[in-house]
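I have placed the structure first, in the form of structure tokens, so that the comments after it can refer back to it.
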Amino acid sequence: MNWITNYVRPRINSLFSRREVPENLWRKCDECGSMLFHRELADNLNVCTNCGHHMPITPRERFKTLFDNGVYSEVKVPEPVADPLHFRDQKRYPDRMKAAQRATGEKEAMLIAEGEVGRTPVVSAAQDFSFMGGSMGMYVGNAIIAACERAVKLGRPLVLFSAAGGARMQEGILSLMQMPRTTVAVQMLREAGLPYIVVLTHPTTGGVTASYAMLGDVQIAEPNALICFAGPRVIEQTIREKLPEGFQRAEYLLDHGMLDRVTHRKDMRDELITILRMLMHQPPAVRGDLPPPEPLTPAEPEPRQAEAGDASETAGEKTDRGTG
Ligand SMILES: [Zn+2]
């Protein structure tokens with residue numbers, strides 16, 4: 001029966017799953033379970049119209065809805081050595097990378113861009129949680145250094161959007177080394193007197209929280225984002241106590257002095273414009289006088305779906321989400 005279970009059944013399943021119409025037109029909210037129409041979701045910047053849950057947004061979507069007229073240019077990131085440890089868990093690291101690249105259409109878990117936000121020139125970095133849990137490896141380290149160097153060279157502020165499960169375990173100690181590397185990079189901005197603004201998105205955890213994501217001059221978070229070093233489950237198991245309601249969520253951190261603001265995604269751009277202008281000694285923006293960003297286009301019918309042969313990907317995904 002092996003031939004049937006191993007070959008025929010997956011083929012049949014994949015044929016049917018591709019035709020599931022609801023998959024293509026609707027997306028389910030991870031928080032409240034509402035089925036949301038793609039168009040409606042895109043108009044609301046991927047925020048659930050029912051419960052306000054902020055769903056993931058890709059770096060390219062983020063940049064399009066951040067920069068004036070959606071116009072930006074990418075900053076090149078130096079390539080690190082690939083798979084220096086020849087790491088293998090259920091899969092070889094290079095194979096995992098290839099699968100993530102196929103699924104996201106991106107080279108790595110961070111994108112750097114430059115452009116204008118409310119006519120203030122900025123450099124921006126955005127982390128991609130859908131790429132191996134946004135995990136911080138050597139490439140992400142290089143990306144942040146490239147972003148800081150570019151910002152210093154052009155005399156611009158840096159706006160960073162974080163989203164990560166932590167360090168990339170497939171790169172072992174080399175991924176942990178990105179914590180001091182990125183810390184030093186942020187220090188370059190400080191010495192140049194340039195603002196560094198961090199927007200923490202759900203989830204930002206592990207070594208990312210323990211380095212560049214918490215070093216901003218202004219710390220903003222999206223509502224209900226999980227922001228922590230060790231996750232609530234790990235802490236609960238360690239101290240054997242029930243944690244308070246909303247523990248390690250953005251609002252809780254704001255109440256306890258770890259953040260400056262919690263801002264809804266639809267207000268984020270306006271708020272960044274106000275802060276950037278203030279910190280760059282520009283006059284306040286006149287509403288209606290600024291070029292608008294580009295609206296979000298609804299997701300293509302599931303371009304990010306893994307192929308039938310990648311079924312193990314979802315199972316292995318948890319291990320991608322970093323180690324801390
Ligand atoms: Zn919802």
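Residue 293 - would you say it is part of a loop (DSSP other than H, G, I, E, B), modelled with pLDDT of 90 or more and surrounded by 13 or more Cβ atoms within 10 Å (Cβ to Cβ)? Can you show your working first?
Numbers: part of a loop (DSSP other than H, G, I, E, B): yes; modelled with pLDDT of 90 or more: yes; surrounded by 13 or more Cβ atoms within 10 Å (Cβ to Cβ): yes.
Considered against the rule, which asks whether it is part of a loop (DSSP other than H, G, I, E, B), modelled with pLDDT of 90 or more and surrounded by 13 or more Cβ atoms within 10 Å (Cβ to Cβ), residue 293 comes out as yes.
Determine, yes or no, whether residue 126 is under 22 Å from residue 101 (Cβ atoms) and part of a strand (DSSP E or B).
Details: under 22 Å from residue 101 (Cβ atoms): yes; part of a strand (DSSP E or B): yes.
Yes: the conditions hold for residue 126.
Does the range 120-127 contain any residue that is in contact with a Leu (Cβ under 6 Å, 6 or more places away or on another chain) and surrounded by fewer than 24 Cβ atoms within 10 Å (Cβ to Cβ)? Please lay out each step first, then the result.
To start, the set of residues in the range 120-127 that are in contact with a Leu (Cβ under 6 Å, 6 or more places away or on another chain) comprises 120, 123, 125-126.
Applying the additional criterion that residues be surrounded by fewer than 24 Cβ atoms within 10 Å (Cβ to Cβ) yields 120.
Yes, the range 120-127 has at least one match.
Among 146, 103, 82, which is surrounded by fewer than 23 Cβ atoms within 10 Å (Cβ to Cβ) and part of a loop (DSSP other than H, G, I, E, B)? Walk me through it before giving the result.
On the way: 146 fails: part of a loop (DSSP other than H, G, I, E, B); 103 fails: part of a loop (DSSP other than H, G, I, E, B).
Exactly one residue qualifies, and that residue is 82.
Does residue 175 qualify as being part of a strand (DSSP E or B), of a type in the set (S, T, N, Q) and either closer than 21 Å to residue 66 by Cβ or in contact with a helix residue (DSSP H, G or I) (Cβ under 8 Å, 6 or more places away or on another chain) (or both)?
no
Determine whether the range 55-67 contains at least one residue that is within 16 Å of the ligand (Cβ to nearest atom), over 20 Å from residue 197 (Cα atoms) and not in a helix (DSSP H, G or I). Give the steps one after another, and end with the answer.
Initial filter on the range 55-67 (within 16 Å of the ligand (Cβ to nearest atom)): 55-57.
Still in the running and over 20 Å from residue 197 (Cα atoms): 55.
Retained after the next criterion (residues that are not in a helix (DSSP H, G or I)): 55.
Scanning the range 55-67 turns up at least one residue that is within 16 Å of the ligand (Cβ to nearest atom), over 20 Å from residue 197 (Cα atoms) and not in a helix (DSSP H, G or I).
Take the conditions of a type in the set (Lys, Arg), part of a loop (DSSP other than H, G, I, E, B) and either within 22 Å of residue 53 (Cβ to Cβ) or modelled with pLDDT under 50 (or both) and apply them to residue 269. Does it pass?
Numbers: of a type in the set (Lys, Arg): yes; part of a loop (DSSP other than H, G, I, E, B): no; either within 22 Å of residue 53 (Cβ to Cβ) or modelled with pLDDT under 50 (or both): yes.
The answer is no for residue 269.
Quick check on the range 23-44: of everything there that is in a loop (DSSP other than H, G, I, E, B), of a type outside the set (Ser, Thr, Tyr) and within 10 Å of the ligand (Cβ to nearest atom), which residue is farthest from residue 224 (Cα to Cα)?
Within the range 23-44, the match that is farthest from residue 224 (Cα to Cα) is 33.
Over 23 Å from residue 63 (Cβ atoms), touching a Phe, Trp or Tyr at 6+ places or on another chain (Cβ under 8 Å), of a type in the set (Gly, Ala, Ser) and surrounded by 17 or more Cβ atoms within 10 Å (Cβ to Cβ): which single residue out of 165, 206, 216, 172 fits that description?
Values: 165 fails: over 23 Å from residue 63 (Cβ atoms); 216 fails: over 23 Å from residue 63 (Cβ atoms); 172 fails: surrounded by 17 or more Cβ atoms within 10 Å (Cβ to Cβ).
Criteria check complete, one pass: 206.
Do we find that residue 96 is at pLDDT 95 or above, more than 16 Å from the ligand (Cβ to nearest atom), within 30 Å of residue 295 (Cβ to Cβ) and outside any loop (DSSP other than H, G, I, E, B) in this structure?
Values: at pLDDT 95 or above: yes; more than 16 Å from the ligand (Cβ to nearest atom): yes; within 30 Å of residue 295 (Cβ to Cβ): no; outside any loop (DSSP other than H, G, I, E, B): yes.
Judged against the criteria, residue 96 is not a match.
Only one of (1) assigned to a loop (DSSP other than H, G, I, E, B); (2) within 16 Å of the ligand (Cβ to nearest atom); (3) closer than 21 Å to residue 129 by Cα is not met by residue 50, so which one is it?
So residue 50 meets the others, but not (3).
The values are calculated or read from the model by the stated rules, or taken from the named source; none is laboratory data. All of these numbers come straight from a predicted model, not from anything done at the bench. As a convention, Cβ positions derive from the backbone with ideal geometry for all residues, glycine included, and neighbour counts pool all protein chains shown.
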